[in-house]
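The values are calculated or read from the model by the stated rules, or taken from the named source; none is laboratory data. Note that the structure is predicted; figures quoted are calculated from it, not measured. Neighbour counts are summed over all protein chains in view; Cβ atoms, including those assigned to glycine, are modelled from backbone coordinates with ideal geometry.
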Amino acid sequence: MHPVLIDLGTVKIYSWGFMLAVAVLVAIVGISKIFKEEGYDPEKVLDMVIILVVTGLLGSRLAYVALYEWGDFLVHPGIFFGLTGGGFSGLVWYGGFTASVVAFVIYVRQQGYSFWKMADIFSPFLALAYAVVRIGCFLNGCCYGKVSESACTVVFPFVDGLSRYPTQLYSSAINFVLFAVLLWYYPRRKFSGQIFIYYLLGYSVYRFIIEIFRENWVFYGSFSVSQVYSLVLLAVGMGLYFWRRFTVERLGE
């Protein structure tokens with residue numbers, strides 16, 4: 001674990017924040033390339049990515065506070081902006097994803113773009129950025145797995161001295177694969193929105209499974225909060241797939 005990547009005394013570069021910056025830069029470069037190929041203005045990419053990152057962080061933090069710190073938040077609202085370890089002190093990805101999608105829909109409509117076409121372009125790089133940021137989670141020592149005697153375990157010394165699944169690295173590897181598959185299929189898509197929908201389906205299945213190995217504290221029955229959200233996202237993705245396919249086949253783009 002290396003939560004602080006570079007320590008210059010008064011200046012510290014945190015691993016999670018650094019990997020987030022790398023993820024943003026890689027996404028901007030990749031999306032800009034496709035924008036040029038598709039005839040869109042690549043200068044819009046920076047604005048769109050910044051909107052997604054900012055709303056994603058705020059939504060992630062809001063979801064975390066609602067789930068884990070609501071009582072403390074009511075007493076001390078300032079904890080919402082608590083910054084530790086190079087980023088917000090607690091984040092929930094699904095909250096960030098939901099907030100980002102809402103902001104994305106509003107922005108692309110204002111710009112006169114097709115949401116489905118834009119979502120198809122962004123989706124592979126969302127998977128890529130997620131994979132990069134999860135490496136930051138591993139270095140930071142957060143989002144760790146359950147205790148296990150398996151050979152594929154890691155000790156997180158800032159947590160305890162027990163061997164745990166490095167679920168951050170599992171998540172990173174799977175999302176690198178998801179990125180590659182989505183990018184490969186992008187020019188082969190049958191209708192706009194298909195790549196975005198495949199991302200929803202792929203992510204929801206991956207996340208439901210990885211939660212079996214992650215350490216969790218909040219459950220609804222036998223399922224963690226993220227597993228419940230994954231099932232909802234899977235249902236939404238399946239519904240969108242059949243709706244979009246029917247719409248395109250009967251009415252065209």
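Counting the residues of segment 112-152 that are at positive phi and under 19 Å from the mean Cα position of the chain (by Cα) gives 2. None of Q194, Q227, Q168 is in contact with a helix residue (DSSP H, G or I) (Cβ under 8 Å, 6 or more places away or on another chain) and over 21 Å from P124 (Cβ atoms) except Q227.
Within the option set V248, V225, being closer than 30 Å to S150 by Cβ and out of contact with any His (no Cβ under 6 Å at 6 or more places or on another chain) holds for one residue only, V225.
When V159, V147, V92, V155 are screened for being β-branched (V, I, T), touching a Ser or Thr at 6+ places or on another chain (Cβ under 6 Å) and farther than 24 Å from G56 by Cα, only V155 passes. Might you let me know whether segment 30-46 holds any residue that is among the aliphatic types (A, V, I, L, M), over 20 Å from D120 (Cβ atoms) and under 19 Å from the mean Cα position of the chain (by Cα)? No. Within segment 84-98, identify whether any single residue is exposed (fewer than 14 other Cβ atoms within 10 Å of the Cβ) and modelled with pLDDT of 70 or more, and answer yes or no. No, the conditions are met nowhere in segment 84-98.
Scanning segment 190-206 for residues that are more than 30 Å from A151 (Cβ to Cβ) and crowded, with 16+ Cβ neighbours inside 10 Å yields F191, S192, G193, Q194, I195, F196, I197, Y198, Y199, L200, L201. Just one of the listed residues (V102, V147, V132) is modelled with pLDDT of 95 or more, surrounded by fewer than 17 Cβ atoms within 10 Å (Cβ to Cβ) and either closer than 22 Å to L183 by Cβ or touching a strand residue (DSSP E or B) at 6+ places or on another chain (Cβ under 6 Å) (or both), and it is V147.
Residues are listed down the side, and each one gets a yes or a no for (1) assigned to a loop (DSSP other than H, G, I, E, B); (2) buried (at least 21 other Cβ atoms within 10 Å of the Cβ); (3) in contact (Cβ under 8 Å) with a residue 24 or more places away in the chain:
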| site | (1), (2), (3) |
| --- | --- |
| Y107 | no, no, yes |
| S123 | no, yes, yes |
| L126 | no, yes, yes |
| P157 | yes, no, yes |
| S171 | no, yes, yes |
| L183 | no, no, yes |
| F208 | no, no, yes |
| W217 | yes, no, yes |
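For segment 1-50, filtered to residues that are touching a Lys or Arg at 6+ places or on another chain (Cβ under 9 Å) and exposed (fewer than 13 other Cβ atoms within 10 Å of the Cβ), the residue that is modelled with the highest pLDDT is E38.
Which of the residues spanning segment 219-253 are surrounded by fewer than 16 Cβ atoms within 10 Å (Cβ to Cβ) and outside any helix (DSSP H, G or I)? Matches in segment 219-253: F219, Y220, G221, S222, F223, G252, E253. Considering segment 145-155 alone, what residues qualify as being assigned to a loop (DSSP other than H, G, I, E, B) and of a type in the set (G, A, S)? Scanning segment 145-155 gives S148, S150, A151. Among all residues of segment 154-165, there is at least one that is at pLDDT 95 or above, touching a strand residue (DSSP E or B) at 6+ places or on another chain (Cβ under 7 Å) and within 20 Å of I209 (Cβ to Cβ).
So that you can scan it fast, the table gives a plain yes or no per residue for (1) hydroxyl-bearing (S, T, Y); (2) out of contact with any Gly (no Cβ under 6 Å at 6 or more places or on another chain); (3) outside any helix (DSSP H, G or I); (4) in contact (Cβ under 8 Å) with a residue 60 or more places away in the chain:
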{"position": "I6", "(1), (2), (3), (4)": "no, yes, yes, no"}
{"position": "F18", "(1), (2), (3), (4)": "no, yes, no, yes"}
{"position": "L25", "(1), (2), (3), (4)": "no, yes, no, no"}
{"position": "K33", "(1), (2), (3), (4)": "no, yes, no, no"}
{"position": "E37", "(1), (2), (3), (4)": "no, yes, no, no"}
{"position": "D41", "(1), (2), (3), (4)": "no, yes, yes, no"}
{"position": "G59", "(1), (2), (3), (4)": "no, no, no, no"}
{"position": "A63", "(1), (2), (3), (4)": "no, no, no, no"}
